[in-house]
Every structure is written in C-alpha cells, then in structure tokens.
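The structure appears below as structure tokens.
The values are calculated or read from the model by the stated rules, or taken from the named source; none is laboratory data. Bear in mind the structure is a predicted one, so any value in this text is a computation, not a measurement. Ideal geometry is used to build each Cβ from the backbone, glycine not excepted, and the neighbour counts take in all protein chains shown. Accessible surface areas use protein heavy atoms only, side chains included; no ligands, DNA or RNA. Shrake-Rupley method; radii C 1.70, N 1.55, O 1.52, S 1.80 Å.
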Amino acid sequence: MSLDLSVFNRFAITKRAGDIIFCEFEPGDAFYLIQSGKVKIVKIVGDLEKTLDILNPGEFFGEMALLEEAPRSATTIALTDVKLLEFNRANFEVLMQGQPQIVLNLLKLFSKRIYDQKRRFMILTLDDIQARVADVFLMLDENGPRPIDPTDNTRNFANSVDDIAHWAGISPAKASEVLKQFANQRRVEIQQGKIIVKNIMDFHRLVKSKRQG
Ligand code: CMP
C-alpha cells in the first residue's frame, strides 16, 4: 500500500548510518515512516544485541509507545542514511482532521503489522525445524508477488540464509543445514543470491502435517 506523503515534508528528518533514533525504555510520543534507507530494530539482552527486524522504505515504527502509552519496546538504529517522516501526537491529530484517508491507510498498515507478528509467531510454534523453515518460505510467499501463471508452483526468493534463520528463530548454521537437506531432497535449489523452492505446495503439505501432528 503506498501513501502520498509529499504534503508532510515539513515533518521530514534525516539520520546518518549508525545513528540511534531512539532507545528502548525511553518515553516516546512519535512514530516514524521511512522514506528512504533502512532502520534496524534491536533489543539489548545482557551484552548481546538481538535484531528483531530490519525495516525498509514505506514501513513505519514507533507506533507502539504512541498507541499504548508505554515506553519504547526496542531501540531503533539507522542502518544506512535514512529519511524519515516524524509524526507526534500533535501533528497526528492535524493529520486526522485534515487527511482522514491517510489516517485510514495508516490504520490498515498498523493492523497488517499485528497480523504479520501473529504470522511470525505461528512459525515459532512449530517444533519440527524443517517445517519451520518451510513455513518461513510460505510466509515470504504470502507477502510476495503472485505468479503470472497460477498453476506454476515454483517460487524464487531473493532471501539470504541469514534471513531464513532469523524468521525461523534458529542459527544461520542450522538454517544452512536444513536448506542443504532440502537441496539433497531436490525440494530447493540454492543459487547465488536466491533460493528456488521447486514446489511451494509441497511445503504447504509439510507444514500442514506438522501442525496437525
Ligand atoms: P515502540 O515500542 O514505540 O518503539 C520500538 C518500535 O520497534 C516499536 O514501537 C515497533 O514499531 C517496533 N518493534 C517492536 N518490536 C518489534 C518486532 N518484534 N518486530 C518488528 N518491529 C518491532
């Protein structure tokens, strides 16, 4: 869903790669839409930095503190130079009065975020690691473009092994091992910069059998 936000250029701010946008536990009264660049969402657990997500242009963050009146649930860092639109409570109210269509679109994005988080959680409830990796491909496929030929069950994914590991909640080494097993079973083909799933319906069946079992 794309929003024409050019009227809001006065809310634009920029950050340099590596800048912290805000820290976990801080109070917050603004949310941000990414216009360009990438933003990393992290949580510090002990001495470790755990990446929760990497967001791209068109995505937003910081809505939880605003909607729930709670402290920031994570730290956000500019992964590259970024251009953001910053909406605080005051200018959000101006937005509601003047541009209800944009507010409606934002609500749709918020509800999609809630759906996406539930969908990710479903992956983590699978005990079988092969099924988890298969379900990651199903989730990526649900969010990807529809094939031109609806009977074509081959899918190309421009995702790295690290991406797959991240969504499956397993280490990159484990994800690599599972992908090799799938490759040996001729279920996937791993090429430079892409992973080809030969038959997405096969992964549907695998996940379904492990969810019921
Ligand atoms: P907020 O709590 O205001 O500040 C941190 C932001 O990170 C949060 O709003 C969400 O926008 C985002 N966020 C928190 N947890 C996750 C997660 N698990 N995955 C993706 N984004 C998250």
Sorting 69, 142, 86 by accessible area (1.4 Å probe), largest first, what list results? 69, 142, 86
As straight-line cross-link partners of residue 83, the qualifying lysines (C-alpha separation under 18 Å, not fewer than 8 residues apart within one chain) are 15, 38, 40
Tilt of helix 200-212 relative to the longest C-alpha principal axis of the chain, in degrees (0 to 90, nearest 10)? 90 degrees
Please quote Rg/Rh for the chain to two decimal places, taking the Kirkwood radius as Rh and restricting both calculations to Cα atoms. 1.01
Total charge dipole magnitude, the chain, about the Cα centre, Cβ charges on Lys, Arg, Asp, Glu only, Debye to nearest 20: 660 debye
Relative to the chain, whose Cα atoms define the longest principal axis, helix 129-143 and its Cα axis are tilted in degrees, nearest 10, by 50 degrees
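Rank by packing, highest mean first: peptides 179-187, 148-156, with packing defined as the count of other Cβ atoms within 10 Å averaged across residues. Please list the in-between numbers first.
Details: 179-187: 14.3, 148-156: 10.7.
Descending packing order for the listed peptides: 179-187, 148-156.
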With Rg from the Cα atoms and Rh as the Kirkwood inverse mean 1/r over Cα pairs, the range 6-121 has an Rg/Rh of 0.95
So how compact is the range 129-212: Cα radius of gyration and Dmax in angstrom? 11.9, 35
Can you tell me, using C-alpha contacts under 8 Å and at least 6 residues apart, the relative contact order of the range 95-213 as a whole percent? 28 percent
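What's the carbon and sulfur percent of the chain's accessible surface, probe 1.4 angstrom, rounded to a whole number?
Values: 6700 of 12370 Å².
About 54 percent, which is the carbon plus sulfur part of the accessible surface.
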Helix 172-184 sits at what angle to the longest principal axis of the chain, using alpha carbons and giving 0 to 90 degrees rounded to 10? 40 degrees
